[in-house]
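Contents: one structure, followed by commentary.
Readers should treat all values here as calculations from the given coordinates under stated rules, not as data from a laboratory. What you see is a predicted model; the values in this text were computed from it and never measured. Don't worry about glycine lacking a Cβ; one is built from the backbone with ideal geometry, like all the others, and counts go over all protein chains shown.
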Amino acid sequence: MPFLERRDAQIYYEAKGQGDAIVFAHGAGGNAAIWFNQMAAFSDSHKTIAYDHRFFGRSSCQVDLTIDDFREDLLAI
């Protein structure tokens, strides 16, 4: 169960495969697990990454968020 350590949060993610990356980001109320079937389908030819946004799934957060925090998390992953 990998986590990306950010200054004020732990971001949970799953990564599979190699090659050009496809990043799967869930919507409100979702989590990384909704993308696992798609990851399996594409991971033979691509690196696939799915992650939980802050406050969702297995990710945590300790402070108020801005849209910049979400952007920075995506870039860090």
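Hey, with R₀ at 25 Å, roughly what FRET efficiency would Gln18 and Gln38 work out to, going by the Cβ-Cβ distance, to 0.05? So, using R0 = 25 Å, E works out to roughly 0.90. Each Lys and Arg Cβ is given +1 and each Asp and Glu Cβ -1; about its Cα centre, the chain then shows a dipole of about 160 debye. Amide H contacts of Ile22: Lys47, Thr48, Ile49, each under 5 Å away and 5 or more positions distant or on a separate chain (H built 1.01 Å from N in the peptide plane; Pro and chain starts excluded). The range 1-38 and the range 39-77 have their alpha-carbon centroids 5 Å apart.
The coefficient of translational diffusion for the range 3-76, derived via Stokes-Einstein from the alpha carbon Kirkwood radius under 4 °C and 1.567 mPa s, stands at 103 µm²/s.
Angle between the Cα long axis of helix 67-76 and the longest principal axis of the chain, 0 to 90 degrees, nearest 10? Once rounded, one gets 40 degrees.
Highest mean packing comes first when the peptides 49-59, 27-37, 63-73, 12-22 are listed by Cβ atoms within 10 Å, giving 49-59, 12-22, 27-37, 63-73. Each Cα pair under 8 Å and six or more residues apart adds its sequence gap; the mean of these over the residue count of the chain is a relative contact order of 35 percent.
Count Lys and Arg as plus one, Asp and Glu as minus one, and take only other residues whose Cβ is under 13 Å from that of Phe36; the net charge is then -1.
Note on Ala25 and His46: their simple-model spin labels are 1.5 nm apart, each label 7 Å out from Cα toward Cβ.
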